[in-house]
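As structure tokens, the structure follows; a few thoughts come after it.
The values are calculated or read from the model by the stated rules, or taken from the named source; none is laboratory data. Since this is a predicted model, take the numbers as computed values, not measurements. Methodologically, a virtual Cβ is constructed for each residue, glycine included, from the backbone with ideal geometry; neighbour enumeration extends over all protein chains shown. For the accessible areas, the whole protein counts, side chains as well, though only heavy atoms, and no ligand, DNA or RNA atoms are used. Shrake-Rupley method; radii C 1.70, N 1.55, O 1.52, S 1.80 Å.
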Amino acid sequence: MARIFLSPPDVGPLEREYLLRAFDEGWIAPVGPDLDAFEAEISALTGWPGAVALASGTAALHLALLEVGVQPGDDVFVSTFTFAATANAVAYCGANPVFIDSDDATWNMSPELLEQALTDAAAAGRLPAAVVVVDLYGQCADYDRIVPLCQRFGVPLVEDAAEALGATYRGRPAGTFGDVGLFSFNGNKIMTTSGGGMFVSPTTETADRVRYLATQARQPAVHYEHTEIGWNYRLSNLLAAIGRAQLERLPAMSARRVEINARYRDAFAGLEGVSFMPIADPGWNGWLTCVVFDDPAVRDHVQKTLETADIESRPLWKPMHLQPVFADSACVVDGTSQRLFDHGLCLPSGSVLTDADVDRVAGLAIEAIRSRP
Ligand SMILES: *Cc1c(COP(=O)(O)O)cnc(C)c1O
């Protein structure tokens, strides 16, 4: 039986058709009609005119931070419960990440801890240059409270919606709650270009500036003229073609992931000592199904049992303030993300999974829970 992965790419005839069309029409060189159309389609999804297709979500984060004015030596407040890319981008700018813990309701940045951190920073005369809020596992943070806080302190907000494409919060698209936002199309995300990302902004001026920085900061001249340092961060037209096919299928792929989550919930109903990630807003995109075990030993037993059956599952993100590489960084934490890391597990959630796959994973997990060590 083939290995069951956590979140494998879901691609087929449509992606192949779009990719080969771009190839056959000769759009191999970096820019082309699929790149422009992919950006326009993301704009249509977010309702924000600015969209720039980039080589990765990490590249989009880096340029987002530069664009809101992060400078070497600045502090940047960052969700601690995230993938390393979020914090790495802060380091690329020569800035210092300050890690903020999660709340229980969304698992994203706690508005209480953010308010405390901003209040303390203001009192010390050292406000951060930006706040980077992550929408984890396809679920938006508590923006009803976070956006007014950032406005009150006059600090720009960057929304890392790498995992939340297609999600909504109070009916509004993920990616559009901050001053700028970004998505990832890495191979394990809800849709993929094999690798890629998108920067989004409410104005085309900001997007044009990011597009310029992402293209080696080339001035409009016949010869190559440069007045600033730039980056080589653009997505290729071929990969944008794959992205356009994926974007057409995104609603169906997202619905399938939500369905898989419901199937796990049904299978686990009545089991003691296991609970699911709370869904604070029905606009969740279903990216990964995450469960939390009362007993970490049971979590480990389930993970090992699944691995023995060639099924991939993983603990939740290890918080950045616990990562050796960020051991010297400041943090404002209350134990929430550490508890989630110690107790939580992501289950296979890809939209390619069949009902039989999900039932097999759930069956093995339940058996492991019942035969707890
Ligand atoms: C995947 C991810 C990124 C980075 O995106 P890449 O496209 O892999 O560079 C950033 N932030 C979060 C929260 C992610 O999950």
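Which fully enclosed helices (runs of 4 or more DSSP H) of segment 255-373 have 3 or more residues being among the hydrophobic types (A, V, I, L, M, F, W, C)?
Correct list: 296-308, 355-370.
Is there a residue being open to solvent by 20 Å² or more (accessible area, probe 1.4 Å), of a type in the set (D, E, K, R) and either within 20 Å of ASP135 (Cα to Cα) or in a helix (DSSP H, G or I) (or both) anywhere in segment 226-243?
There is no residue in segment 226-243 that is open to solvent by 20 Å² or more (accessible area, probe 1.4 Å), of a type in the set (D, E, K, R) and either within 20 Å of ASP135 (Cα to Cα) or in a helix (DSSP H, G or I) (or both).
So THR58 ticks every box in (1) touching a residue at least 24 places away in the same chain (Cβ under 8 Å); (2) open to solvent by 30 Å² or more (accessible area, probe 1.4 Å); (3) more than 24 Å from LEU247 (Cα to Cα) but one. Which box is left unticked?
It is condition (3) that THR58 fails.
Going through segment 52-76 one residue at a time, which ones are within 15 Å of the ligand (Cβ to nearest atom) and not in a helix (DSSP H, G or I)?
VAL52, ALA53, LEU54, ALA55, SER56, VAL76
Could you tell me which residue of segment 141-188 is farthest from the chain's Cα centre (by Cα), considering only residues that are farther than 22 Å from SER102 by Cα and within 14 Å of the ligand (Cβ to nearest atom)?
By that ranking, first place goes to GLY187.
Give me the residue from segment 77-100 that is surrounded by fewer than 24 Cβ atoms within 10 Å (Cβ to Cβ) and in a loop (DSSP other than H, G, I, E, B) and, out of that set, farthest from the ligand (Cβ to nearest atom).
GLY94
Any residue in segment 1-22 that is of a type in the set (Phe, Trp, Tyr) sitting within a Cβ distance under 8 Å of a residue that is open to solvent by less than 70 Å² (accessible area, probe 1.4 Å)? List the pairs, counting only those 6 or more apart or interchain.
PHE5/GLU312; PHE5/PRO348; PHE5/GLY350; TYR18/ASP34; TYR18/ALA241; TYR18/ILE242; TYR18/ARG244; TYR18/ALA245
Can you find, within segment 16-36, the residue that is least open to solvent (accessible area, probe 1.4 Å) among those that are closer than 19 Å to ASN232 by Cβ and either in a loop (DSSP other than H, G, I, E, B) or outside the structural domain of ALA55 (by TED's automatic domain parsing) (or both)?
The extreme case among them is GLY32.
Quick check on segment 331-364: of everything there that is among the small types (Gly, Ala, Ser) and farther than 25 Å from GLU163 by Cα, which residue is surrounded by the fewest Cβ atoms within 10 Å (Cβ to Cβ)?
ALA356
Output the residues belonging to segment 147-188 that are under 21 Å from CYS346 (Cα atoms) and surrounded by fewer than 23 Cβ atoms within 10 Å (Cβ to Cβ).
Within segment 147-188, ASN186, GLY187, ASN188 qualify.
Might you let me know whether segment 300-317 holds any residue that is of a type in the set (A, V, I, L, M, F, W, C) and under 25 Å from MET109 (Cα atoms)?
Yes, segment 300-317 has at least one match.
Only residues that are more than 10 Å from the ligand (Cβ to nearest atom) and surrounded by fewer than 24 Cβ atoms within 10 Å (Cβ to Cβ): list them for segment 189-206, please.
Those that are more than 10 Å from the ligand (Cβ to nearest atom) and surrounded by fewer than 24 Cβ atoms within 10 Å (Cβ to Cβ): SER194, PRO202, THR203, THR204, GLU205, THR206.
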